[in-house]
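The structure appears below as structure tokens.
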Amino acid sequence: MLIVGLANPGSEYEGSRHNVGGDAVRLVVARRGGRFTQERRQRAMSVTIPTPRGPFTFAVPTTFMNESGAALPPLLRRTSIDDLANLLVVHDELDLEPGRLQLRLGGGLAGHNGLRSIAQTLGTQEFARLRIGIGKPRSKEQGADYVLRRPTGAQREAIAGDVVRAADAIETVLEYDFDEAQRRVNAS
């Protein structure tokens, strides 16, 4: 399985709501003692980690969010994944309240530029997603600032907790088949 956490590169985006997907994947890799590497032709940092269920490859694109799809073809080739049911994209979700997670196969793009880029590259929206709720800003016009800005105070602590819960959900995917992992993650 290939697990891809979406994030923007660069220190100015570290800790932003938009980077929670990449942060959750990095946390799982750190927990398992893995180290990301980047090959010259790839547009992502990646690492393959053995598990009792077989090897799992974790990746975080090094592209900006709206170009996330460019990282997928080399990753899919390298991992020999041709069934997109074995691709899990971990990302922030405005349509879910903070603290909520949802694991699902397929679905809409909800205006998420990273998902749009991936769907365009793959020619389908039928891949698994772990949606990490970040809530909505007060107005639609504030959307870009809301996802790219670092939250402060209690919101920062809540987002950090959401990253830990998302990493726990990824661990559930490593342990169980997708249907059982989905039942467990979505019930919590």
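Laboratory data are not the source of any read-out in this text; all were calculated from the coordinates shown. Computed from a prediction, not measured in an experiment: that's the story for all the values here. For neighbour counting, all protein chains shown are included, and Cβ atoms are generated from backbone atoms with ideal geometry for every residue, glycine included.
When only Cα pairs under 8 Å and 6 or more residues apart are kept, what is the percent relative contact order across the chain?
Normalised by residue count, the contact order of the chain is 27 percent.
What is the fewest-to-most order of Val28, Val60 by other Cβ atoms lying within 10 Å of their Cβ?
In order of increasing Cβ crowding within 10 Å: Val28, Val60.
Return one number: the angle in degrees, 0 to 90 and rounded to the nearest 10, between the long axis of the Cα atoms of helix 178-187 and the longest principal axis of the Cα atoms of the chain.
Tilt relative to the chain: about 20 degrees.
Against the longest principal axis of the chain, how steep is helix 153-175, in degrees 0 to 90 to the nearest 10, with axes from Cα atoms?
Orientation of helix 153-175: about 20 degrees from the principal axis.
Can you sort Val4, Val163 so the residue with the fewest Cβ neighbours within 10 Å comes first?
Val163, Val4
Using the alpha carbon gyration tensor of region 19-84, what are the three equivalent-ellipsoid semi-axes (square root of 5 times each eigenvalue), largest first, in whole Å? Before the final figure, lay out each step's value.
Values: eigenvalues 67, 48, 23 Å².
Equivalent ellipsoid of region 19-84: 18, 16, 11 Å, largest first.
Nearest 10 degrees is fine. How inclined is helix 113-122 to the longest principal axis of the chain, computing both from alpha carbons?
30
Cα-based Rg (one decimal) and Dmax (whole number) for region 2-187, in Å?
Computed over the Cα atoms of region 2-187, radius of gyration and Dmax are 15.1, 46 Å.
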